[in-house]
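The structure appears right after this line, and notes come after that.
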Amino acid sequence: MHEMSLAESMLEIVENTARKHRAQRVTSVQFELGALSHADRDALAFAFDVVARGSVAENARFEVIEVPGAAWCMLCSKTVTLAKFGEACPECGHYQLTVTQGDTMRISSIEIV
Amino acid sequence: MCSTCGCGHGEVKIGGVPAEERHEGHGDSHWHQHEDGTWHNHTHSHQHAHEHSHVHTHGSESHSHSHVHAHSHSHTHEESLTGSHGHGDRDHPHSHEHSHDHEHAPLGAVHAPEVSAARVIEIERDLLERNDAIARQNRQQFVDRGLFALNLVSSPGSGKTTLLVRTIESLRGDVACAVIEGDQQTENDADRVRATGAPAIQINTGKGCHLDARMVALALPKLPKLEDALLFIENVGNLVCPAAFDLGEAHKVAILSVTEGTDKPLKYPDMFHAADVLLINKIDLLPYVDFDVEQAIVYARRIQPKLTVMKVSATTGEGMDDWLVWLKRGVEVARTTRLNDVQTLRKKIAALEAQLRER
């Protein structure tokens, strides 16, 4: 479960940002998570909750903004939705797809007091 | 600690030495090659890495810069039987990262109505940015040295190490190879590789479930400084976690053995999407197992249409020629790239010197 190391990276970014802005507490973390990314939403939320204990971000709300998957279909020559890997192009039923969106794992903002 | 697999940090060992030591690489292993081509280690390599960050305030806007400095020195001792020592190259890669945050105070009131002092800080930073920055440094180092680096990923027991041993033995005298081994525990795999005469360094991830770019960066100075060679990075046997982490490799090579399920690419799509090469291993066992090779390839290409697929048996050697040809071509491309880079640099230096003479 690599979500643990991802959560540690997340806490590092959050703590550094909080320190720079002289925050007393981080009240929430807004996080963009792609449908085709390498992390599971619940596992990441759980891992962040664990690693944030005793830190400035303890008990911070973890708000996930889901980013849907999208891919370029070679055959249709257009962008189509791709909910998960292994699915066919919803238009033509083939698999000549190149992912164009949905692999995001990014902290978009934090809220501090 | 994670409740799913117990994955955690702080227990990483590289060549048996804890990776968290303050100064990596002091008094470390040191490689020299014997007349028979076998590598032995006993070296001094020296590495410093430090980070600092500072904040500059420009009126109402505040910018912060953080820098990661990585210094590595490696000294190659070419030890001959007469006992003379030669000090070889030295290099100091430097890299700097900069990041900027922007604070928007008035928005805070909207987002946190209960506290008027609440502020929203826009960050827009990728979780993997630090790993990816180190991976880029690794990749540059591979390019500079003409190394064709491969990240081998698979389930435990797919035959990665056996394949490596057979590959190294087949390429002996033709292409130099070095190996970075990743496992939770034991030096067993590195020992198996060293028995072939090739240098190998073992990373033990402790409770960790994957290699990351930093572990590879720390392991690299502990290997002899090969040029125009193959570098195999054998990742921890795990079809999930290593998918997310770029190590700086030229290719992620997924290994799927025929004793596994035909539908494995569909079950573990993240890894088969991250990989661009698929080796189907243990094909000598096909008569005894219920594995449909063509169907597995169809499934894998649904996930990653660009996959290069090769079928091999590390035990009987069947199909190994395709793999070896592919590897040699990769090393040749890496060598050409390195030489072209050197040539480009020489041309630039010549042009600059010409400019100086004109002054």
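Here, each number is a calculation from the coordinates, and none is a lab measurement. Please read these numbers as outputs of a predicted model, since none were measured by experiment. Note that we place each Cβ from the backbone using ideal geometry, even for glycine, and neighbour counts take in every protein chain shown.
Quick check on chain A: helices-only [θ] at 222 nm, where DSSP H runs of length 4 and up contribute -39,500 (n - 2.57) each and the sum goes over total residues. Nearest 500, please.
About -8500 deg cm²/dmol.
Please list, or write none, the lysines whose alpha carbon is within less than 19 Å of the alpha carbon of A:K78, excluding same-chain residues fewer than 8 places away.
Straight-line reach from A:K78, under 19 Å: B:K306.
I'd like the distance between the alpha-carbon centres of region A:41-61 and region B:207-261, rounded to an integer number of Å.
After rounding, the separation between the Cα centres reads 29 Å.
Applying a 10 Å radius around every beta-carbon, put B:284-295, B:240-251, B:305-316 in order of their mean neighbour count, most first.
Put in order of decreasing packing, that is B:240-251, B:305-316, B:284-295.
Sorted from fewest to most neighbouring beta carbons within 10 Å, what does the list B:H34, A:H2, A:H21, B:H273 look like?
Going from sparsest to densest Cβ surroundings: B:H34, A:H21, B:H273, A:H2.
If Lys and Arg each add +1 and Asp and Glu each add -1, what is the summed charge of the other residues whose beta carbon sits under 14 Å from the beta carbon of A:G93?
In short, -1.
From the phi angles alone, apply the Karplus equation (6.51, -1.76, 1.60; θ = phi - 60°) to region A:102-113 and give each ³J(HN,Hα) in whole Hz, x where the residue is Gly or Pro.
Per-residue couplings from phi come out as x, 9, 5, 9, 9, 7, 8, 7, 10, 10, 10, 10 Hz.
Order by neighbour count: B:W326, B:W39, B:W31, fewest other Cβ atoms within 10 Å first, most last.
Placing the least packed residue first, the sequence is B:W326, B:W39, B:W31.
Taking θ as phi - 60°, what are the ³J(HN,Hα) couplings along region B:319-333 by the Karplus curve (6.51, -1.76, 1.60), each to the nearest whole Hz, with x for Gly and Pro?
Calculated HN-Hα couplings, in order: x, 5, 4, 4, 4, 5, 4, 4, 5, 5, 5, x, 5, 4, 5 Hz.
Can you check what the Kirkwood hydrodynamic radius comes to for region B:115-245, Cα pairs only, in Å to one decimal?
Radius from the Kirkwood sum: 15.9 Å.
Residues of region B:220-263 with the amide nitrogen closer than 20 Å to a label point 7 Å from the Cα of B:Q295, along Cα-to-Cβ, please.
B:256-263
Over the whole of B:304-315, what's the average partner chain Cβ count within 10 Å per residue? Rounded to a whole number, please.
For peptide B:304-315, the averaged partner shielding equals 1.
Relative to the longest principal axis of chain A, what angle (0 to 90°, nearest 10) does the C-alpha long axis of helix A:41-51 take?
Tilt relative to chain A: about 20 degrees.
Expressed in nm², what is the orientationally averaged projection area of the convex hull enclosing the Cα positions of region B:217-345?
The directionally averaged projection comes out at 9.4 nm².
Measure nothing fancy, just the Cα-based angle from helix A:3-20's long axis to the longest principal axis of chain A, in degrees from 0 to 90, nearest 10.
Computed tilt is about 50 degrees.
Using the Kirkwood radius over C-alpha pairs as Rh, can you work out the diffusion coefficient of region B:131-335 via Stokes-Einstein at 10 °C, viscosity 1.306 mPa s, in µm² per second?
94
Binned at 10 Å from 0, what are the whole-percent values of the Cα-Cα distance distribution for region B:265-307, short to long?
Histogramming region B:265-307 at 10 Å steps yields 29, 50, 21, 0 percent.
Could you give me the ³J(HN,Hα) list for region B:161-170, computed from phi with Karplus coefficients 6.51, -1.76, 1.60 and θ = phi - 60°, whole Hz, x at Gly and Pro?
Taking θ as phi minus 60°, the curve returns 5, 4, 4, 4, 4, 5, 4, 4, 5, 5 Hz for region B:161-170.
Residue by residue through A:3-12, how many Cβ atoms from other chains fall within 10 Å of the Cβ on average?
Per residue, the number of nearby Cβ atoms from other chains is 6 on average.
Exposure proxy check: B:S170, A:S5 ranked by fewest other beta carbons within 10 Å?
The most exposed by this proxy come first: B:S170, A:S5.
Round to the nearest 0.05 the FRET efficiency obtained for B:D284 and B:Q355 when R0 = 60 Å and r is the Cβ-Cβ distance.
Step by step, r from the Cβ atoms, then E = 0.45.
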